[in-house]
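A short write-up of the structure that comes next.
The values are calculated or read from the model by the stated rules, or taken from the named source; none is laboratory data. Given the structure is predicted, the values throughout are model-derived calculations rather than measurements. Positions of Cβ are generated from backbone atoms using ideal geometry, with glycine treated the same way; all protein chains shown enter the neighbour counts. Calculation scope for accessible area: heavy atoms of the full protein, side chains included, ligands and nucleic acids excluded. Shrake-Rupley method; radii C 1.70, N 1.55, O 1.52, S 1.80 Å.
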Amino acid sequence: MQHFLKETDFTPDQAQEVFHLARDMKASRFSSPEALNFQSWGLLFFKSSTRTRISFEVGVNELGGFPVVLDSQNTQIGRGESIGDTARVMSRYLHGLVIRTFGHEIIESFAANSTIPVINGLTDFNHPCQLYTDLFTFLERINPDTIDISALRGRKVAFFGDCASNMANSWIISAAMFGMELALAGPEDFAPEQRVVDALKAEGLPVNYRFTTNPEEAAKDADLLYTDVWVSMGDEATASSRKARMQPYQVTQPLMAMAKPDAYFMHCLPAHAGEEVSQEVLDSPRSIIFDEAENRLHTQKAIMAKLAELNAQ
Ligand code: CP
Ligand code: NVA
């Protein structure tokens, strides 16, 4: 069973096919009503969501399927039913399952016990649907016709803030997978964790990111500046110390000015203007955050269709 729990669950060739499919689905949004024909897909949330929930719900519909939106509190998971039993039961009703949860081991346990494809809608470790969307959005700016992954090679991405977060991990893995240069800037105590280095090694990928405490150094000559919230879901208890520590890493216009003149700004959203990014940057012509948000829909439709195709073989 082919799942999509991490960026490397598709080969680069398969990722290229996903991006081409996303391009075609974006150009003709209602052109694939058969891809999930008569399929029911569960969307199971242990955490809040706006974009992931809506884009998957709409996306399943547009592919001819039926979304079943669930959360952990209002299912028996909240009363202690095991992940293994839940996965086995859900596999008897559903054709696929998107899960947003806390520990990455929870989604791995779901996948190990499922006979249907499982898609990672965010864990504390990574957010691969977001990252594939981000790459698609960046490639669309480089050349909307080709969306060619080879154009990623050598591009410099700069990530600011919580460099031990799920989004930072997804960028670290993707930079290694697609040959991008990645500089991460944040406080020393929010440097990338050993577990992401272990993940790279387990996949046979190079450890090719650079971490710095100097935001200007990271921004210099970058093609893309990226940030995410300073307080991820589950980190609320340390919110005030995080905000104090990360203030120097806010993405501002002076920081944007250190990058290439045609550099873009992206953010997975939700954004907190005045914290990780200034309102001015969010509103600037270099900010492509709402294309990025829209592209969740097209990219995830392509991911679901690709999984359905691979699992039918
Ligand atoms: N970027 C993202 O995943 O947004 P949501 O938390 O709203 O789903
Ligand atoms: N790092 C953020 C991403 C939200 C989409 C979080 O986990 O809350």
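Yes or no, residue by residue, for (1) closer than 26 Å to CYS129 by Cβ; (2) touching a residue at least 12 places away in the same chain (Cβ under 8 Å); (3) away from ligand 2 (no atom under 14 Å from the Cβ); (4) surrounded by fewer than 16 Cβ atoms within 10 Å (Cβ to Cβ):
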| residue | (1), (2), (3), (4) |
| --- | --- |
| LEU224 | yes, yes, yes, no |
| TRP230 | yes, yes, no, no |
| GLY234 | yes, yes, no, yes |
| PRO254 | no, no, yes, yes |
| ALA271 | yes, yes, no, no |
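With respect to the conditions (1) part of a loop (DSSP other than H, G, I, E, B); (2) surrounded by fewer than 24 Cβ atoms within 10 Å (Cβ to Cβ); (3) touching a Leu at 6+ places or on another chain (Cβ under 9 Å), ASN126 falls short on a single one, namely (2). Could you grab me the full set of residues in region 185-195 that are away from ligand 2 (no atom under 14 Å from the Cβ) and either open to solvent by less than 10 Å² (accessible area, probe 1.4 Å) or at pLDDT below 95 (or both)? Within region 185-195, ALA185, PRO187 meet the criteria. In region 196-210, the qualifying residues are those that are in contact (Cβ under 8 Å) with a residue 12 or more places away in the chain and surrounded by fewer than 19 Cβ atoms within 10 Å (Cβ to Cβ), and the one that is nearest to PRO254 (Cα to Cα) is ARG210. The number of residues in region 90-149 being within 16 Å of ligand 1 (Cβ to nearest atom) and β-branched (Val, Ile, Thr) comes to 8.
Screening region 194-239 for residues that are within 16 Å of ligand 1 (Cβ to nearest atom) and assigned to a loop (DSSP other than H, G, I, E, B) and picking the one that is farthest from MET258 (Cα to Cα) gives GLY234. Identify all residues within region 57-82 that are touching a Pro at 6+ places or on another chain (Cβ under 9 Å) and either under 12 Å from LEU43 (Cα atoms) or not in a loop (DSSP other than H, G, I, E, B) (or both); write none if there are none. If the condition is that a residue be touching a Pro at 6+ places or on another chain (Cβ under 9 Å) and either under 12 Å from LEU43 (Cα atoms) or not in a loop (DSSP other than H, G, I, E, B) (or both), then GLU57, VAL58, GLY59, VAL60, ASN61, GLU62 are the ones that fit.
Please find, within region 80-119, the residue that is nearest to ligand 2 (Cβ to nearest atom) out of those that are surrounded by fewer than 21 Cβ atoms within 10 Å (Cβ to Cβ) and among the basic types (Lys, Arg). Top of the filtered list is ARG88.
Give me the residue from region 45-63 that is hydrophobic (A, V, I, L, M, F, W, C) and surrounded by fewer than 17 Cβ atoms within 10 Å (Cβ to Cβ) and, out of that set, farthest from ligand 2 (Cβ to nearest atom).
Taking region 45-63 first, the residues hydrophobic (A, V, I, L, M, F, W, C) are 45-46, 54, 56, 58, 60, 63.
Okay, now just the ones that are also surrounded by fewer than 17 Cβ atoms within 10 Å (Cβ to Cβ), so 54, 58.
Working: ILE54: 13, VAL58: 18 Å.
Once the filter is applied, the top-ranked residue is VAL58.
Among the residues that make up region 7-26, is at least one of them farther than 28 Å from ARG141 by Cβ and of a type outside the set (S, T, N, Q)? Show your work before the answer.
As a first pass, look at region 7-26 and keep what is farther than 28 Å from ARG141 by Cβ: none.
Within region 7-26, none of the residues are farther than 28 Å from ARG141 by Cβ and of a type outside the set (S, T, N, Q).
Remark: pairs (first residue in region 120-146, within 16 Å of ligand 2 (Cβ to nearest atom); second residue among the β-branched types (Val, Ile, Thr) and part of a loop (DSSP other than H, G, I, E, B); Cβ separation under 6 Å; 6+ apart in sequence or on different chains) = THR123/THR101.
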